[in-house]
Amino acid sequence: MPPGEASESSRAQTMGAKTRLPSGVTPVRIDPVSGESTAGLLLRRGTAGKLFNSIVTGFQTAGLDLDNSETIDRANAGLLEVANTIFDNPVNFDTDDDGIDEADWATNQWTGNREVDPELVAPFNRLAPDFRPVPGGAATTGFAAPPNDGFFDDVDFVGGVSPAGAPWYEGWTTTDQN
């Protein structure tokens with residue numbers, strides 16, 4: 001390869017570094033009955049990265065929507081993966097006519113994904129949301145060990161908030177109603 005040209009793999013890694021897909025996130029649509037929400041995870045335009053131990057809940061359109069052949073090419077090459085993630089939405093996997101079977105990707109191509117109630121304390125409470133898993137709930141099982149690379153914390157839950165102690169976001173966010 002000529003100097004200055006990047007391989008497909010290095011471009012994906014660079015893209016992943018620029019648009020890092022975090023592990024252990026909990027995207028929640030606070031008003032799940034409005035009918036105006038978009039997809040929880042919309043992965044498109046050649047998205048690459050690894051998204052593990054996450055919860056996607058409360059989205060009316062779809063929990064997961066994969067778009068574009070470039071995105072599927074990355075997934076087929078092992079450069080995009082969603083694993084050990086809980087989906088709890090009226091429609092978990094997009095069913096549009098783009099030829100991509102999101103349900104197949106989530107349940108057969110990738111591992112550890114589940115369609116269950118994550119059993120969070122109060123994720124849809126507008127005045128005092130609580131995204132912690134209830135003790136012994138679904139989000140306290142089925143997690144993947146993160147890479148032992150010094151960057152990720154070792155956790156024993158799915159989602160972005162530990163079931164133990166005060167939520168990390170306490171004092172960082174506001175629920176004031178405008």
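Annotations for the structure displayed:
- All positions within region 128-178 that are β-branched (Val, Ile, Thr) and under 21 Å from the mean Cα position of the chain (by Cα): VAL134, THR140, THR141, VAL155, VAL158, VAL161, THR173
- Single residue of region 96-121 satisfying the filter (among the polar types (S, T, N, Q) and in a helix (DSSP H, G or I)) that is nearest to PRO163 (Cα to Cα): THR107
- The set of residues in region 59-73 that are surrounded by 23 or more Cβ atoms within 10 Å (Cβ to Cβ) and farther than 23 Å from VAL116 by Cβ is empty.
- The residues of region 60-95 that are closer than 26 Å to ASP156 by Cβ and part of a loop (DSSP other than H, G, I, E, B), listed by number, are GLY63, ASN84, THR85, ASN89, ASN92.
- Qualifying residue in region 88-104 (condition: on the phi > 0 side of the Ramachandran plot, out of contact with any helix residue (DSSP H, G or I) (no Cβ under 9 Å at 6 or more places or on another chain) and not acidic (Asp, Glu)): no
- Filtered residues of region 100-137 (kept if farther than 30 Å from GLN177 by Cβ and of a type in the set (A, V, I, L, M)): ILE100, ALA103, ALA106, VAL116
- Residues considered: GLY165, GLY159, GLY142. Of these, the only one that is on the phi > 0 side of the Ramachandran plot and surrounded by fewer than 15 Cβ atoms within 10 Å (Cβ to Cβ) is GLY165.
- Number of positions in region 81-103 that are aliphatic (A, V, I, L, M) and within 13 Å of LEU42 (Cβ to Cβ): 2
- Within region 37-57, the set of residues being part of a loop (DSSP other than H, G, I, E, B) and either surrounded by 20 or more Cβ atoms within 10 Å (Cβ to Cβ) or polar (S, T, N, Q) (or both) comprises SER37, THR38, ALA39, GLY40, THR47, ALA48, ASN53, SER54.
- Matching residues in region 132-143 - criterion: being under 16 Å from PHE87 (Cβ atoms) and of a type in the set (A, V, I, L, M, F, W, C): ALA138, ALA139, PHE143
- Among the residues making up region 139-169, a single one is outside any loop (DSSP other than H, G, I, E, B) and in contact (Cβ under 8 Å) with a residue 40 or more places away in the chain: ALA139.
- Hey, GLY136 modelled with pLDDT of 90 or more, crowded, with 16+ Cβ neighbours inside 10 Å and assigned to a loop (DSSP other than H, G, I, E, B) or not: no
The values are calculated or read from the model by the stated rules, or taken from the named source; none is laboratory data. Please read these numbers as outputs of a predicted model, since none were measured by experiment. So basically every Cβ, Gly included, is an ideal-geometry build from the backbone, and we count neighbours across all protein chains shown.
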